[in-house]
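Single-structure report; data block below.
The values are calculated or read from the model by the stated rules, or taken from the named source; none is laboratory data. Predicted, not measured: the structure shown is a model, and the values here were computed from it. Virtual Cβ from ideal backbone geometry, glycine too; neighbours counted across all protein chains shown. SASA here: full protein model, heavy atoms, side chains in, ligands and nucleic acids out. Shrake-Rupley method; radii C 1.70, N 1.55, O 1.52, S 1.80 Å.
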Amino acid sequence: MRASTRRRRTQKEKTSGFRLSRFVVVLLLSIVPWQPVRAAADGALAAEQGVSAFRAGDYQAALQSFLAALQAGLDAPGLHYNLGATYYRLGRYAEAEREFQALARDPGWAPLAHYNLGLTAQRLGRPQQAMEYFGEVHRTTTDPNLRALAATALERLGRAAPRTSELVSVAGGHDSNVALSQDAATVGASHRSDSFVETFAAASHRLTENPTVGWVAHGGLVVRKYRDLDQFDLAALRAGLSYETDSGGLQTSVGGYFDTVYIGGGHLEQVAMADAQARIRLDADRELRGRYQLGHIAGGGGFEYLDGRQQRLSADAGFALGSDFLRVGYQLELNNRRDLQQQADFFSASPTRHSLFASVALRELGGWQPDARGEYRISRYHDPDRQNGIEVTRKDHRYGFALRASRPLSAPWRAFVDTSYYRDESNLDTYDYSRYQLMVGIEAVLGK
């Protein structure tokens, strides 16, 4: 990025899409001091100091000055653009994205904001979303220079979009109620606590050259080992294939995957799942998502009562709320399992579940990017449990929340903290439980 606009560019710069895109990110910084502002004098002074610090390459000082200007009452579009550009140079792409998203709601700034949202999406490892932003700029801007930059970015992404992406993480944590699943009593887990180490890896590979349509292979692995309660050590594997399309405003995915889960070294279950997803971007600030899954489940030795079918149907809406991004949704889950028959006793493993959930991606706090999620779930089991001659239909109410915060380290690594609490209340007391988990670790997003 440059802090001022040169009147002449070398031939190399004229033909370099990368350099041109960097030029646009800070274009505004050369003209902000000349824009009239209606704010306190100290706010305007802080903004000017921020521009000077940015031009000197002191981006941390520039950020502090721009934030001081905002706190002093200077709330102009140019200031938000400068904040976005500064966050971008500091590698704090999530914060940069939020500033540009807020700016995109101003029609006069929308094309430039969308262009920089495309650049930011690239840095966040979201090439498909970057292409959406660049495509929108190319279709809507009246500035020929900006349209040319968007065309160059689209061409470059079409050639260079990473075909393979990976996520790896290593973490340690504490589990207050060691269990295989969310329903602790299902596997007879005690409420003893233990510490654990967890490793996670996931990868996807696009099988075609075209980044907007084609087959994508997926795979994943998670391993959790407890310090003392090794009978609950968990390992899960996933392999899948999907056909994905991206037409700009609409993204679809149709495919399937196989899951295999082990607990304490023994086979718990194997799942074959068909999966269809769709995502509609209404504009830069709003989107709708839907998903349908149909699966066949085969329980392992001692878990044959899990055999059967499962369906899930979910929908959610996401939208900007100030500088935050809020998502609310609903999920319906239907189960038809073999259930557990033990002589005269019977226990249902076939619930119908209704879940309401909400999540919010919050503004950066002290260098950390926080995200929060809340959920409420009602479960009603199909057939009544029967024990000692007494029949009762099981009904559960579960609520919980989760909070995650991440902070950039040296690229591509991030540190993260993840905590959650869930409480299940049942009309059958034996199924009541609560669970608290805390996990701290590092993760990396890779692509090639």
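When averaged across all projection directions, what area in nm² does the alpha-carbon convex hull of the range 242-387 cover? Can you show the working numbers first?
On the way: hull surface 47.9 nm².
Over all viewing directions, the range 242-387 projects a mean Cα-hull area of 12.0 nm².
Can you give me the C-alpha center-to-center distance between the range 372-448 and the range 67-89, rounded to a whole angstrom?
Answer, in whole Å: 38.
How many nm is it between the label spots at Q270 and L207, if each spot is 7 Å from the Cα in line with the beta carbon?
Using points 7 Å along Cα→Cβ, the separation is 2.1 nm.
Only helical DSSP H runs with n ≥ 4 go in: add -39500 (n - 2.57) per run for the chain, normalise by residue count and round the 222 nm mean residue ellipticity to 500 deg cm²/dmol. Mind showing how you got there, number by number?
On the way: 9 runs with 111 residues, N = 448.
Mean residue ellipticity, 222 nm, calculated: -7500 deg cm²/dmol.
What would the Debye formula give as log10 I(q)/I(0) at q = 0.06, 0.07, 0.08 Å⁻¹ for the alpha-carbon point model of the chain, no solvent?
The calculated log intensity ratios at q = 0.06, 0.07, 0.08 Å⁻¹ are -0.33, -0.45, -0.57.
Applying 1/(1 + (r/R0)^6) with R0 = 45 Å to the Cβ-Cβ distance of T199 and Q341, what FRET efficiency is obtained, to the nearest 0.05?
Details: r = 38 Å, r/R0 = 0.84.
After rounding to 0.05, the efficiency reads 0.75.
Accessible area per residue of the chain at 1.4 Å probe, in Å²? Write out the running numbers ahead of the final one.
Working: 22300 Å² over 448 residues.
For the chain, the solvent-accessible area averages 50 Å² per residue.
As I understand it, the dipole of the chain uses +1 on the Cβ of Lys and Arg and -1 on the Cβ of Asp and Glu, about the Cα centre. Which of G308, G173, A94 lies farthest toward its positive end?
So the residue we want is A94.
Specify the angular offset, from 0 to 90 degrees and rounded to the nearest 10, of the alpha carbon long axis of helix 110-123 from the longest principal axis of the alpha carbons in the chain.
Helix 110-123 and the main axis of the chain meet at about 60 degrees.
Which residues in the range 320-355 place their backbone N less than 14 Å from a point set 7 Å from the Cα of L250 along the Cα-to-Cβ direction?
Under 14 Å, as judged by backbone N against the label point of L250, lies no residue of the range 320-355.
May I ask for the Kirkwood hydrodynamic radius of the range 39-143, worked out over all distinct Cα pairs and given in angstroms to one decimal? The partial results should precede the final answer.
On the way: mean 1/r = 0.0717 Å⁻¹.
Averaging 1/r across every pair of different Cα atoms and inverting gives 13.9 Å.
Please state the charge dipole magnitude for the range 209-257, taken about the Cα centre, from unit charges on C-beta atoms (+1 on K and R, -1 on D and E), reported in debye and rounded to the nearest 20. Mind showing how you got there, number by number?
Details: 4 positive and 6 negative charges, 38 e Å.
That gives the range 209-257 a dipole magnitude of about 180 debye.
If you filter the range 57-108 for trypsin sites (Lys or Arg not before Pro), then keep DSSP loop positions with at most 13 other Cβ within 10 Å, what is left?
Here no loop site has a sparse enough neighbourhood.
Roughly how big is the chain's charge dipole about its Cα centre, with Cβ charges of +1 (Lys, Arg) and -1 (Asp, Glu), in debye to the nearest 20?
On the way: 53 positive and 50 negative charges, 464 e Å.
That gives a dipole near 2220 debye.
Spin-label point model (7 Å from Cα, Cβ direction): what's the A415 to Y399 distance in nm?
3.3 nm
Helix 144-160 sits at what angle to the longest principal axis of the chain, using alpha carbons and giving 0 to 90 degrees rounded to 10?
40 degrees
Using the Cα centre as the reference, give the magnitude of the dipole from point charges on the C-beta atoms of the range 268-397 (Lys, Arg: +1; Asp, Glu: -1; all else neutral), rounded to the nearest 20 debye. Let's see the in-between values first.
Details: 18 positive and 19 negative charges, 58 e Å.
The dipole magnitude comes to about 280 debye.
Can you give the FRET efficiency to the nearest 0.05 for R105 and V360, using r as the Cβ-Cβ distance and R₀ = 25 Å? Walk me through the numbers on the way to the answer.
Details: r = 18 Å, r/R0 = 0.73.
The formula returns an efficiency of 0.85 here.
Points 7 angstrom from Cα along the Cβ direction at Y243 and R123: gap in nanometres?
Going by the 7 Å Cα→Cβ label model, 3.8 nm.
I need the calculated FRET efficiency for the pair T142 and Q387, taking r as the beta carbon distance and R₀ as 60 Å, to the nearest 0.05. All intermediate terms of the calculation are to be shown ahead of the outcome.
Working: r = 73 Å, r/R0 = 1.22.
Taking R0 as 60 Å, the efficiency between T142 and Q387 is 0.25.
Tell me the carbon and sulfur percent of the accessible area for the chain, rounded to whole percent, probe radius 1.4 Å.
Values: 12720 of 22300 Å².
Solvent-exposed carbon and sulfur of the chain make up 57 percent of the total.
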